[in-house]
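Data first, discussion second: the structure below is written as structure tokens.
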């Protein structure tokens, strides 16, 4: 009963994301599941050989992601963090910076040095992590389905059938407290 009240409150409060899209509209907006592009930020302060190493490592991560380093410690330190499988690079950057700053031993705050996006990325109304994209393609049925996302994390939930919206929100909310419906039919 308590869980149901919490779900009803989330639904009544309205989504943190824009109004949910239909599955048909979402299919046109999602990115391919294969391939990422890595942007090494111009102010990274990394030498060309370090940028090459970083790009190779980043290519093995899931989109959307970010890599943060401690400027005092350099690329090859325990403080270097890759946060991946978020729904956008802003959320990934916040996660990478928080973890890097918690691990660093130097005085300077950590900085984001690379962003990881799907191949061919352009801003779109809907962006989902690689995991959510794979789940959507495999599990989403047009009628009676829902997908919820957490804008601040990579959490997501998908459900079909009666009560799909509530179930998708509940699944997502098991890992995050800011879930909202992104796709609903």
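Any read-out appearing in this document is the output of simple, stated calculations on the displayed coordinates, not a laboratory observation. Predicted model only: the values in this text are computed from it and were never measured. With ideal geometry, Cβ positions are generated from the backbone for all residues, glycine too; neighbour counts draw on all protein chains shown.
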- Label-point gap, in nm, between residue 162 and residue 42 - each point 7 angstrom along Cα→Cβ: 5.8
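Normalised by the residues of the stretch 36-118, what does the relative contact order come to in percent, with Cα pairs under 8 Å and at least six apart?
Numbers: 183 pairs, mean separation 34.1, N = 83.
Averaging sequence separation for qualifying contacts and normalising by length gives 41 percent for the stretch 36-118.
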- Task: Would you mind calculating the gained length between residue 174 and residue 34 on full extension (0.36 nm times residue separation, minus the Cα-Cα distance), in nm to one decimal?
- Result: 47.6 nm
- Message: Can you report the principal axis dimensions of the stretch 36-118 using only the alpha carbons, biggest first, rounded to whole angstrom?
- Response: 33, 26, 19
- Mean residue ellipticity at 222 nm from the helices of the chain, using -39,500 (n - 2.57) per DSSP H segment of n ≥ 4 over the full residue count, to the nearest 500 deg cm²/dmol? -10500 deg cm²/dmol
- For the stretch 77-140 and the stretch 158-185, distance of Cα centres in Å: 22
- Query: What span do the alpha-carbon atoms of the chain cover on each of the three principal axes, reported in whole Å from largest to smallest?
  - Reply: 54, 35, 21
- Note on the structure: GNM on the chain, Cα springs under 10 Å; top mean-square fluctuation among 33, 57, 112 goes to 57
- If one builds a Gaussian network model of the chain from Cα atoms under 10 Å apart, the most fluctuating residue listed among 171, 105, 153 is 105
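Highest mean first, how do 133-144, 155-166 rank when packing is the count of other Cβ atoms within 10 Å averaged over residues? Don't skip to the answer; put the middle values down first.
Numbers: 133-144: 14.3, 155-166: 19.2.
The most tightly packed comes first, giving 155-166, 133-144.
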- Query: So which residue, out of 97, 21, 147, gets the largest mean-square fluctuation from a GNM of the chain using Cα contacts under 10 Å as springs?
  - Reply: 21
- Query: Roughly how many nanometres apart are two label points built 7 Å out from the Cα toward the Cβ at residue 72 and residue 59?
  - Reply: 3.4
- Give me the distance in nm between label points sitting 7 Å out from Cα along the Cα-to-Cβ direction at residue 143 and residue 19, one decimal. 2.3
- Message: Quick check: the angle from helix 130-139's long axis to the longest principal axis of the chain, C-alpha only, nearest 10 degrees?
- Response: 30
